[in-house]
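Peer 1: After the structure tokens below, expect a handful of questions from me.
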Amino acid sequence: KAGVTQTPRYLIKTRGQQVTLSCSPISGHRSVSWYQQTPGQGLQFLFEYFSETQRNKGNFPGRFSGRQFSNSRSEMNVSTLELGDSALYLCASSEGTAGNTIYFGEGSWLTVV
Amino acid sequence: GQNIDQPTEMTATEGAIVQINCTYQTSGFNGLFWYQQHAGEAPTFLSYNVLDGLEEKGRFSSFLSRSKGYSYLLLKELQMKDSASYLCAVRDQAGTALIFGKGTTLSVSS
């Protein structure tokens, strides 16, 4: 069974640009959530999708957005990039709200210069 | 508010046992997760507790007391490869988000 797949793994962007990150969850998993990890703040919740609906959103500005497709794949977008957006972006996959396992992908390393 | 506390750093010797504590104060609770994260890598799922008590899985065990807002991860027969960051996370009441502690960096020496 394939794990959670995230693309791209590494990317460098310039301030002001926008970026789109992709996540393919484990087959059969309908819940996809996104997290930002930085040395200073640790892992912080961005948003969660289930069956193409955003059910929860963390405390991030509107520049951060996402969506989920009918095949459960998800994308997140960050517009007007700032230096502080440099981070590891992690996607997590689970069966639903009561699942006893939540698996993370390898992450996308974003550097904003 | 949401608050999850873990010690920042711990050190131990190969072959020893170490216990990493986690205390939480959250507005809701729908399970507690422990993850291991090696530098530069993604978090790896270790354990899940939703009811009080001990869950054992090989060299790793996790304990939960919901009334005390307390959990611990117990690692036995430590190996050098166990040097990593260990993350405690509480799932919110709706089951849609994990709230993470800052993590405990464990260093295992020979």
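The values are calculated or read from the model by the stated rules, or taken from the named source; none is laboratory data. This one's a predicted model, so the numbers in the text were calculated from it and none came from an experiment. Note that we place each Cβ from the backbone using ideal geometry, even for glycine, and neighbour counts take in every protein chain shown. Accessible surface areas use protein heavy atoms only, side chains included; no ligands, DNA or RNA. Shrake-Rupley method; radii C 1.70, N 1.55, O 1.52, S 1.80 Å.
Peer 1: Would it be correct to say that A:Pro61 is more than 14 Å from chain B (Cβ to nearest Cβ) and open to solvent by 30 Å² or more (accessible area, probe 1.4 Å)?
Peer 2: Spelling it out, A:Pro61 is indeed more than 14 Å from chain B (Cβ to nearest Cβ) and open to solvent by 30 Å² or more (accessible area, probe 1.4 Å).
Peer 1: I would also like to ask the following. Do we find that A:Leu11 is open to solvent by 10 Å² or more (accessible area, probe 1.4 Å), more than 9 Å from every other protein chain (Cβ to nearest Cβ) and touching a Leu at 6+ places or on another chain (Cβ under 9 Å) in this structure?
Peer 2: It is true that A:Leu11 is open to solvent by 10 Å² or more (accessible area, probe 1.4 Å), more than 9 Å from every other protein chain (Cβ to nearest Cβ) and touching a Leu at 6+ places or on another chain (Cβ under 9 Å).
Peer 1: From the list B:Leu73, B:Leu87, which one is under 28 Å from B:Thr13 (Cβ atoms) and more than 14 Å from every other protein chain (Cβ to nearest Cβ)?
Peer 2: Just one listed residue meets the conditions, B:Leu73.
Peer 1: Here's something else I'd like to know. Within the range A:64-74, work out how many residues are of a type in the set (S, T, N, Q) and either within 13 Å of chain B (Cβ to nearest Cβ) or under 16 Å from A:Gln37 (Cα atoms) (or both).
Peer 2: 1
Peer 1: Give the residues of the range A:101-113 that are at the interface with chain B (Cβ under 7 Å from one of its Cβ atoms), in contact with a Ser or Thr (Cβ under 9 Å, 6 or more places away or on another chain) and assigned to a loop (DSSP other than H, G, I, E, B), sorted by residue number.
Peer 2: A:Thr101, A:Ile102, A:Gly105, A:Glu106
Peer 1: Quick check on my filter: what residues within the range A:96-111 are of a type in the set (Ser, Thr, Tyr) and under 11 Å from B:Ala42 (Cα atoms)?
Peer 2: Residues satisfying the conditions are A:Tyr103, A:Ser108.
Peer 1: Could you check A:Phe45 against (1) under 19 Å from B:Ala94 (Cα atoms); (2) among the aromatic types (Phe, Trp, Tyr); (3) open to solvent by less than 10 Å² (accessible area, probe 1.4 Å) and say which number it fails?
Peer 2: Only one criterion is unmet by A:Phe45, namely (3).
Peer 1: Out of the residues in the range A:78-100 that are of a type in the set (Val, Ile, Thr) and under 15 Å from A:Ser65 (Cβ atoms), state the one that is nearest to the other protein chains (Cβ to nearest Cβ).
Peer 2: A:Val78
Peer 1: Another question, then. Which condition from (1) open to solvent by 50 Å² or more (accessible area, probe 1.4 Å); (2) within 14 Å of chain B (Cβ to nearest Cβ); (3) in contact (Cβ under 8 Å) with a residue 12 or more places away in the chain; (4) assigned to a strand (DSSP E or B) is the one that A:Ser33 breaks?
Peer 2: Of the numbered conditions (1) open to solvent by 50 Å² or more (accessible area, probe 1.4 Å); (2) within 14 Å of chain B (Cβ to nearest Cβ); (3) in contact (Cβ under 8 Å) with a residue 12 or more places away in the chain; (4) assigned to a strand (DSSP E or B), the odd one out for A:Ser33 is (1).
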